[in-house]
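**Q** Here's a structure for you.
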There are 2 protein chains.
Amino acid sequence: MADKVTIADVARAAGVSRQTVSNALNAPGVVREETRRRVLDVVEELGYRVNQAARQMRTGRSRLIAIRIDPDQDGVSGSVHDRFLHGLTEAAAKAGYRVLLYTADGDAAEIAAFEDLLGAHEPDAFVLASTHHGDRRISWLLDNDLRFVTFGRPWSDLPNARHPWVDVDGAAGTAAATRHLLAAGHRRIGFVGWPPGSGVGDDRQAGWATTLASAGIAAAGLIRVATDGVATGEAAARDLLTANPDVTALVCASDSLALGARAAGPVAVTGFDDTPVARVVGLTSVHQPLAEAAASCVALLERILAGDPSARTHMLLTPSLIVRQSA
Amino acid sequence: MADKVTIADVARAAGVSRQTVSNALNAPGVVREETRRRVLDVVEELGYRVNQAARQMRTGRSRLIAIRIDPDQDGVSGSVHDRFLHGLTEAAAKAGYRVLLYTADGDAAEIAAFEDLLGAHEPDAFVLASTHHGDRRISWLLDNDLRFVTFGRPWSDLPNARHPWVDVDGAAGTAAATRHLLAAGHRRIGFVGWPPGSGVGDDRQAGWATTLASAGIAAAGLIRVATDGVATGEAAARDLLTANPDVTALVCASDSLALGARAAGPVAVTGFDDTPVARVVGLTSVHQPLAEAAASCVALLERILAGDPSARTHMLLTPSLIVRQSA
DNA sequence: GTGAAAGCGCTAACAG
DNA sequence: CTGTTAGCGCTTTCAC
């Protein structure tokens with residue numbers, strides 16, 4: 001590490017004042033083109049880099065984006081968050097931001113983490129993943145007038161809940177899976193999902209239900225719920241198939257459930273998330289465009305941080321169906 | 001967010017000087033117990049938190065630990081890095097540090113990232129995962145006298161390569177797997193691994209070989225290598241079984257290979273990494289204590305950052321075998 | 001266009 | 001044990 005080179009060094013070498021260097025870097029229009037050039041050359045030559053801490057003291061901006069990292073929950077779909085995180089880091093870097101990690105167990109703990117972080121490293125924004133009904137983190141951030149984007153739409157309509165979000169259209173995913181099964185000739189298509197009330201789960205179920213409905217096929221009675229997991233998926237699928245022996249295909253709300261369903265009988269099965277497991281065992285699954293979702297989060301954040309009020313929007317991305325042997 | 005409360009506010013409220021507040025927080029021994037108490041009470045009451053940027057300008061320490069995040073490589077074992085990252089974030093938080101992420105494609109790019117980071121956010125230390133032969137990142141960090149720990153031992157003996165590292169004993173893992181198979185009555189036990197020269201792979205192979213040797217069983221000719229992956233694992237295992245029809249068990253260098261090997265014939269199989277896939281399909285696999293590894297990295301880093309020269313050590317952790325149906 | 005001055009919040013050094 | 005002074009590197013006024 002060449003020892004610390006400050007703005008003063010650059011100014012001296014370029015024969016200008018410190019302020020001119022700062023302007024050349026931050027307000028390109030203010031400095032004569034020729035001067036700017038010379039300054040930038042010197043910057044390059046000396047390997048000068050602005051010191052974030054100093055800049056932050058002055059501007060109050062850290063160029064840091066904070067996000068929580070969890071232990072892979074059910075294990076199988078842990079890779080989803082992982083891929084999102086990678087995309088976020090990459091997109092953030094392109095926009096001149098870095099990603100700061102924190103952990104927290106539960107909403108209350110996460111809010112405490114917000115306070116901690118804000119007092120210490122002062123991230124410019126937060127990215128909240130896995131939003132849920134009555135998400136207190138969101139109202140807290142809103143109440144405190146902080147900048148953030150959620151990856152996941154606001155499932156409960158908070159009174160003042162106009163915050164920017166990015167999400168993947170789960171219903172579109174299961175709809176694609178259902179259409180695929182219909183095209184393959186299946187007519188009795190069941191659904192294995194999660195207990196109602198989980199936002200994400202309800203959404204996925206809706207995609208299946210509406211697709212069947214618009215195809216003029218009754219779907220009633222073909223639903224079984226389970227907490228996420230392979231064993232529970234198998235049990236649920238077995239129940240469903242016992243009650244409805246004519247069912248030939250199952251759309252599942254997750255790869256875990258699908259894996260279980262697959263073991264429950266000789267039916268076509270689709271999963272959700274396109275996890276490594278799906279790839280390995282040849283499971284047809286709905287793939288979420290996570291890198292794109294992450295990039296969208298950063299794009300939204302950039303506008304928000306630039307003070308663009310029209311950035312209080314949302315983006316709903318469409319997933320794609322990866323067809324493999326299982327269906 | 002209660003608006004920014006500075007050290008001056010605390011000093012005023014506590015009726016002491018700014019410096020005394022700073023001392024109460026940073027040098028507990030220097031301040032009278034009663035004063036310290038009062039100051040801390042006020043700190044609590046006002047919700048004061050030290051501003052990192054300001055502190056960093058003074059002390060030159062950011063309380064940031066940087067680590068690279070990759071897209072899940074082969075997909076299957078992506079969860080390994082994920083779990084490590086979670087453990088690192090948690091352990092770092094306990095030690096008062098935060099984890100900063102960056103991406104880089106290749107050693108050269110990563111070195112450029114080091115320079116960037118060091119100039120801007122100035123992380124106090126780096127954690128390098130997936131070390132490899134002739135790792136130029138390590139020599140660069142060493143040359144620049146920077147603080148870091150590697151998760152993975154130094155595979156090439158650099159001349160000045162006395163840096164702290166944490167690793168999991170891969171050989172012990174495959175040895176445990178091999179012993180398990182021997183105990184189950186297997187006598188002809190093959191190995192499916194990666195091409196030689198990969199450090200990690202060679203280590204895992206050695207565990208299998210030495211265990212068989214010390215059991216007085218010849219292992220020659222029972223090795224097949226493949227680039228990591230399910231398909232390649234299956235092909236390699238098929239070859240091996242064709243050439244050695246008496247083989248009844250296979251120790252594999254990864255869960256991917258093991259998954260493939262399993263499909264190659266009716267043999268007992270063990271994998272490595274205890275990935276979600278292994279759990280789901282019931283594959284016996286070697287489990288790495290990643291949270292512990294991460295905590296060890298942080299512990300080492302803490303000592304290094306405290307200037308403890310004896311911290312230039314290493315820690316080799318022992319993995320455990322998770323026995324499932326496959327073996 | 002360019003330069004000089006001030007100060008963000010903190011802590012190391014010193015004086016009391 | 002406590003208080004004062006100074007300055008980390010940068011950018012936001014404000015003169016020139």
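**Q** Add -39500 (n - 2.57) for each DSSP H run of 4 or more in chain A, then divide by its residues: what number comes out at 222 nm, to the nearest 500 deg cm²/dmol? Don't jump to the answer; show the numbers that get you there.
**A** Working: 13 runs with 152 residues, N = 327.
So the calculated ellipticity at 222 nm is -14500 deg cm²/dmol.
**Q** Near B:LEU316, within a Cβ-to-Cβ distance under 12 Å, what is the net charge of the other residues, with Lys and Arg +1 and Asp and Glu -1?
**A** -3
**Q** Given an 8 Å cut-off on Cα distances and at least 6 residues of separation, report the relative contact order of chain B as a percent.
**A** Computed value for chain B: 17 percent relative contact order.
**Q** Now, a different point. Note the angle between two axes, namely the Cα long axis of helix A:290-305 and the longest principal axis of the Cα atoms of chain A, as a number of degrees from 0 to 90, rounded to the nearest 10.
**A** Compared with the principal axis, the helix lies near 40 degrees.
**Q** Kindly identify the stretch A:97-205 as rounded, prolate or oblate by the Cα gyration tensor criterion: order the square roots of the eigenvalues as a ≥ b ≥ c, call it rounded if a/c is under 1.5, otherwise compare a/b with b/c, prolate if a/b is larger, else oblate.
**A** Since a/c reaches 1.5 and a/b is larger than b/c, the shape of the stretch A:97-205 is classed as prolate.
**Q** Among residues other than A:VAL286 whose Cβ falls under 11 Å from its Cβ, what is the net charge (Lys/Arg +1, Asp/Glu -1)?
**A** After counting each charged neighbour, the total is -3.
**Q** Next question, about the same structure. Quote the charge dipole size of the stretch B:1-81 about the Cα centre in Debye, to the nearest 20; the model charges only the Cβ of Lys and Arg (+1) and of Asp and Glu (-1).
**A** 540
**Q** Which of rounded, prolate or oblate describes the protein assembly as shown when judged by the alpha-carbon gyration tensor and an a/c cut-off of 1.5?
**A** Oblate, because a/c is 1.5 or more while a/b does not exceed b/c.
**Q** On a 0 to 90 degree scale, rounded to 10, what angle separates helix A:33-46 from the longest Cα axis of chain A?
**A** 80
**Q** In the neighborhood of B:GLN52, defined by Cβ-to-Cβ distances under 10 Å, what is the net charge if each Lys or Arg adds +1 and each Asp or Glu adds -1?
**A** +4
**Q** Which residue, A:VAL16, A:LEU300, A:ASN244, has the largest displacement toward the positive end of the dipole of chain A when charges sit on each Cβ (Lys, Arg +1; Asp, Glu -1)?
**A** Of the listed residues, the answer is A:VAL16.
**Q** Roughly what angle does helix B:200-214 make with the longest principal axis of chain B, taking Cα atoms, 0 to 90 degrees, to the nearest 10?
**A** With both axes taken from Cα atoms, the answer is about 50 degrees.
**Q** Also, I was wondering about something else. Looking at chain A, send over the antiparallel percent of its DSSP beta bridges, to the nearest 5.
**A** Approximately 10 percent, going by the DSSP bridge assignments.
**Q** Please name which of A:ALA268, B:THR131, B:GLY185 has its Cα lying farthest along the dipole of the protein assembly as shown towards the positive end, using unit charges on Cβ (Lys, Arg +1; Asp, Glu -1) and the Cα centre as origin.
**A** B:THR131
**Q** Same structure again: Highest first, please rank the peptides A:13-25, B:273-285, A:37-49 by the mean number of other Cβ atoms sitting within 10 Å of their residues.
**A** On the way: A:13-25: 18.0, B:273-285: 24.5, A:37-49: 16.4.
Highest to lowest by the protection proxy: B:273-285, A:13-25, A:37-49.
**Q** Follow-up. When Cβ neighbours within 10 Å are restricted to other protein chains, what is their mean count per residue of peptide A:117-127? Spell out each step's value before the answer.
**A** Details: counts 3, 4, 10, 9, 10, 5, 1, 0, 0, 0, 0.
Mean number of neighbouring Cβ atoms from other chains: 4.
**Q** Another question about this same structure. Nearest-5 percent of antiparallel DSSP beta bridges in the protein assembly as shown?
**A** Roughly 15 percent of the DSSP beta bridges within the protein assembly as shown come out antiparallel.
**Q** Just to confirm my numbers, what's the Cα centroid distance between the stretch B:257-326 and the stretch B:9-86 in Å?
**A** Cα centroid to Cα centroid, the span is 32 Å.
**Q** Relative contact order for the stretch B:170-287: what percent, with Cα pairs under 8 Å and sequence separation of 6 or more?
**A** Relative contact order here is 27 percent.
**Q** Let me ask you something else. Sorted by average packing, counted as other Cβ atoms within 10 angstrom per residue and highest first, what order do A:261-271, B:309-319, A:142-152 take?
**A** Taking the mean over residues of other Cβ atoms within 10 Å, the ranking is A:261-271, A:142-152, B:309-319.
**Q** Only four residue types carry charge here, +1 at the Cβ of Lys and Arg and -1 at the Cβ of Asp and Glu. Report the dipole size of chain A about the Cα centre in Debye, rounded to the nearest 20.
**A** Here chain A has a charge dipole of around 800 debye.
**Q** Moving on to the next point. So who's got an amide H within less than 5 Å of the one on B:LEU128, skipping anything under 5 residues away but keeping other chains? H placed 1.01 Å off N, in plane.
**A** Under 5 Å from the amide H of B:LEU128: B:VAL149, B:THR150, B:PHE151.
No value in this document is a laboratory result; all are computed from the given coordinates. If you're wondering where the values come from, they're calculated on a predicted model, not measured in any experiment. Neighbour counts are summed over all protein chains in view; Cβ atoms, including those assigned to glycine, are modelled from backbone coordinates with ideal geometry.
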